[in-house]
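Down below is the structure, laid out as structure tokens.
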Amino acid sequence: MIRRASPPACAPPVLPRLTRAQAPLTHLVEVVNEQGMHEQVQLPAERPLTIYVDRRELVTLMTLGARPELLVLGYLRNQRLLESVFDVESVTVDWQVQAAAVRTRHGMARMEERTARKVVTTGCGQGSMFGGFMDAVEHIALPAARLTQGQLYAIVNAIRIEESTYKSAGSVHACALFRGEELLIFVEDVGRHNAIDTIAGWMWMHSGAGGADANPAGQLPMSGADKVFYTTGRLTSEMIIKSAQMGVPIVVSRSGMTQMGHTLAQQLGLCAIGRATHRRFVCYSGAHRLVLQPELARPPIVPAAD
């Protein structure tokens, strides 16, 4: 009797190997104040990071350098240069040469074609998105999701009390990802487009995370269906499209919104909330996703003194 060997089981997908490159986030300098006195203050660091994909130079980003490997992954994801995190074998960041080396498993298909057309956006430090910027909108269907006014206030307060480089040095943007009122990740960088790319990379690395994000096949990024994206920067077209590509249907900003960002948000059915400070905000689009509780906006009643 001849026994046939069983066919080998398909190996589960493997997440890329990442270095954990560290770099100082602030730099001490001496300044002269309005009284003519010398003092020392902290400035946020800003350094170039050149991304190489399979030894071919792709782009140089100016970054704070807090989580460079996640920034690189998120950049590749949001530029739609790779389809899956599992297409990446490793990301190696070396601050001595100010470079990030990405090694893919099967190469990047049509790299020249995909990077030939570039749209320079209004992001701080001039963000950019490669060709097909508007083409992707037609294929995005955002999941149903709602946010209560109470949850919105909790998000704004969570950002207010978060320890940050901004509090010590200023001059940076922050982005964060929430599940309801729960803060999942907080990222600061010299440009808000870098911060949102870092969050996109973090979501990619958490493919198949438990709970609502469970994914038995392990091949999809973390779901954005129950998430809220927050940014200190204005809601431009770039920020709206990147949030939508991450599957996050609700965005909140401490700042305002541009006309093109508004047009895209309405087209996508995305809830865009701006000027969110303390108990004030405006909902620019997607108000059907916001559960209003106007009584929470009223100042507390202070009993009159006897």
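Quick note: the coordinates plus some simple rules give every number you see, no bench work behind them. On a predicted model such as this, the values are computed, not experimentally measured, just so you know. Cβ coordinates were reconstructed from backbone atoms using ideal geometry, including for glycine residues, and neighbour counts include every protein chain displayed.
Distant-in-sequence amide contacts of residue 21, defined by a placed amide H-H separation under 5 Å and a gap of 5 or more residues or a different chain, comprise 69, 93. Full extension of the chain segment joining residue 184 with residue 157 gains 8.3 nm, where the gain is 0.36 nm per residue of separation less the Cα-Cα distance. Other residues within the sphere of radius under 9 Å centred on the Cβ of residue 63, judged by their own Cβ, net out at -1 (K and R +1, D and E -1).
Shape class of segment 29-99 from the alpha-carbon gyration tensor: prolate, with a/c at 1.5 or above and a/b greater than b/c. Note that segment 263-278 has calculated 3J(HN,Hα) couplings of 4, 5, 4, 5, 5, 8, x, 8, 7, 10, 10, x, 6, 8, 9, 6 Hz, one per residue in order, obtained from phi through the Karplus relation 6.51 cos²θ - 1.76 cosθ + 1.60 (θ = phi - 60°); glycine and proline are x. Given their separation in residues at 0.36 nm each and the Cα-Cα distance between them, residue 288 and residue 103 gain 62.3 nm when the chain is fully extended. Electrostatic bookkeeping for residue 17 treats Lys and Arg as +1 and Asp and Glu as -1; over the other residues with beta carbon under 11 Å from its beta carbon, the sum is 0. Sorted ascending by nearby beta carbons within 10 Å, beginning with the fewest, 196, 273 become 273, 196. Sorting 180-192, 79-91 by average packing, meaning the other beta carbons within 10 Å per residue, from highest down gives 180-192, 79-91. Taking other residues whose beta carbon is less than 13 angstrom from the beta carbon of residue 165, and scoring Lys, Arg as +1 and Asp, Glu as -1, yields -3.
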